[in-house]
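First comes the structure, then the notes that go with it.
No value in this document is a laboratory result; all are computed from the given coordinates. In this text the structure is predicted, and so the values were computed from the model without any measurement. Cβ placement follows ideal geometry from the backbone for every residue including glycine, while neighbour counts extend to all protein chains displayed.
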Amino acid sequence: MTRNGMVLLAALIATTAGCGDSNEGAEAPTPVASEAAAVAESTPEAKPTPPPHAALFGVLPEVAEAEHNPITDAKVDLGRMLYYEPRLSKNHDISCNSCHQLDNFGVDSEPTSPGHKGQLGGRNSPTVLNAALHVAQFWDGREPHVEAQAKGPVLNPVEMAMSGPDAVVATLKSIPGYVDGFAKAFPGEDPVTYDNMAAAIGAFERKLLTPSPFDAYLGGDVAALNDAQRAGLETFVATGCTACHSGVAVGGAMYQKLGLVEAWPNITDKGRSEVTGNAAEEYFFKVPSLRNIAKTGPYFHDGKTAELTVAVKMMAKHQLGKELADDEVASIVSFLDSLTGTVDAKYAAKPELPPSSDTTPKPDPT
């Protein structure tokens, strides 16, 4: 067979292997992926062929754009400062980054996060990385996007505990560097507003996306994943995980009942029904993204599950009614490791914050 014929045959086999919705009983096409990689290496002029299952996930964008909040450099620069700004909290000791640490994959690695006066929140703080891709924000989906989400913790008495939007605006207007920053980001008569604060933070967060080896694989670089990771992807798909964890964020696109097939143990948080008032949505939560999941434990809304292997077993049992063997769990975890990505370190680094003035409110520990 000619070299071009080999390329065509490999592409045809790869495409056929990804067809259909069957999850069980299918032969794992990992050897096909290996053969496709070998052919691609021997024919460097060939265009990359999307691997099996690529259509389930899509292409990670460089920016999570939003029509309601056009991104500008001035807005992003302001948002970066506000993200790290502890003076947005009553006692000047908590910022967005306190619970969503950008040097720790966007989490604080705690079951639930400490806030004002050390109070603990009721739910695990999810990663901010890639969050702008999600269908909604918070575990219960009570806010539609990252801009709306940014308003909540600042006024929450358990979190940053500011008394209201006016107190936040007064603080920002007392800091000359922020007055200048808002004027550049939001040209107008009175740019320092609570809504603009949230818009700036949201603009910054919309570029906190983390391309990973899995994205290179989806782009046609089959060798970006090792054999164990490619086999893990097949196990992940065959098990049925993609019923909820698909799309560009590998999740984050829908709500699902926790304990769909078998009741979740010791659950008291009723999830989305507390927002909607709909009893049919009891124990429904936003499906989390699996991007960087190997680095963002502990897991689930309550943060009570420390080990990813345990989380995978629980998901299979309670959501799909399947008891996975240890080797199946290990295979899926191998794939999940390939979802660990990077955010530009310079982009995410803490900037120098503008100094307070004589009129800036003092820290208040009460």
Residue among Thr309, Thr340 that is farther than 24 Å from Ala216 by Cβ, surrounded by fewer than 19 Cβ atoms within 10 Å (Cβ to Cβ) and touching a residue at least 24 places away in the same chain (Cβ under 8 Å): Thr309
Matching entry among Lys117, Lys151, Lys90 (being over 17 Å from the mean Cα position of the chain (by Cα), crowded, with 18+ Cβ neighbours inside 10 Å and either farther than 22 Å from Ala185 by Cβ or polar (S, T, N, Q) (or both)): Lys90
Extreme residue, surrounded by the fewest Cβ atoms within 10 Å (Cβ to Cβ), among residues of region 154-176 that are outside any helix (DSSP H, G or I) and of a type in the set (A, V, I, L, M, F, W, C): Val158
Of all residues making up region 193-206, the number that are buried (at least 20 other Cβ atoms within 10 Å of the Cβ) and part of a loop (DSSP other than H, G, I, E, B): 1
Positions within region 211-237 being buried (at least 19 other Cβ atoms within 10 Å of the Cβ), assigned to a helix (DSSP H, G or I) and either touching a strand residue (DSSP E or B) at 6+ places or on another chain (Cβ under 7 Å) or of a type in the set (Gly, Ala, Ser) (or both), in sequence order: Ala224, Ala231, Gly232
Complete set of residues in region 76-113 that are among the hydroxyl-bearing types (Ser, Thr, Tyr) and touching a strand residue (DSSP E or B) at 6+ places or on another chain (Cβ under 9 Å): Ser98, Thr112, Ser113
Flag if Phe285 is in a strand (DSSP E or B) and buried (at least 19 other Cβ atoms within 10 Å of the Cβ): yes
